[in-house]
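Here's the structure, in structure tokens; my notes come after.
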Amino acid sequence: DRGWAVRRGDTFPGLTGDHLRVAVRDPGTSRAFAAVLAEILAETATPEEHR
């Protein structure tokens, strides 16, 4: 929905369904992805995690 693609972690040896895989890119792209990921995590955080 936000223009980014990630891979499931459980398809990579040693990772589980709690992981996701991303590729390292140039600094601008990496910062943009990190910003969107932070937004998504903030939106899905439980009230206890906001303390």
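What the table shows:
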| quantity | calculated |
| --- | --- |
| Verdict on residue 37 being aliphatic (A, V, I, L, M), open to solvent by 60 Å² or more (accessible area, probe 1.4 Å) and in a helix (DSSP H, G or I) | no |
| Which listed residue, of 15, 20, is open to solvent by 70 Å² or more (accessible area, probe 1.4 Å) and in contact with a Gly (Cβ under 7 Å, 6 or more places away or on another chain) | 20 |
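Residues are listed down the side, and each one gets a yes or a no for (1) touching a helix residue (DSSP H, G or I) at 6+ places or on another chain (Cβ under 9 Å); (2) part of a helix (DSSP H, G or I); (3) aromatic (Phe, Trp, Tyr); (4) at pLDDT 95 or above:
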site: 3; (1), (2), (3), (4): yes, no, no, no
site: 14; (1), (2), (3), (4): no, no, no, no
site: 17; (1), (2), (3), (4): yes, no, no, no
site: 24; (1), (2), (3), (4): yes, no, no, no
site: 30; (1), (2), (3), (4): no, yes, no, no
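The values are calculated or read from the model by the stated rules, or taken from the named source; none is laboratory data. A quick note: this is a predicted structure, and the numbers were derived from the prediction, not measured. So basically every Cβ, Gly included, is an ideal-geometry build from the backbone, and we count neighbours across all protein chains shown. Please note that ligands, DNA and RNA were not included when accessible areas were found on the heavy atoms of the full protein model with its side chains. Shrake-Rupley method; radii C 1.70, N 1.55, O 1.52, S 1.80 Å.
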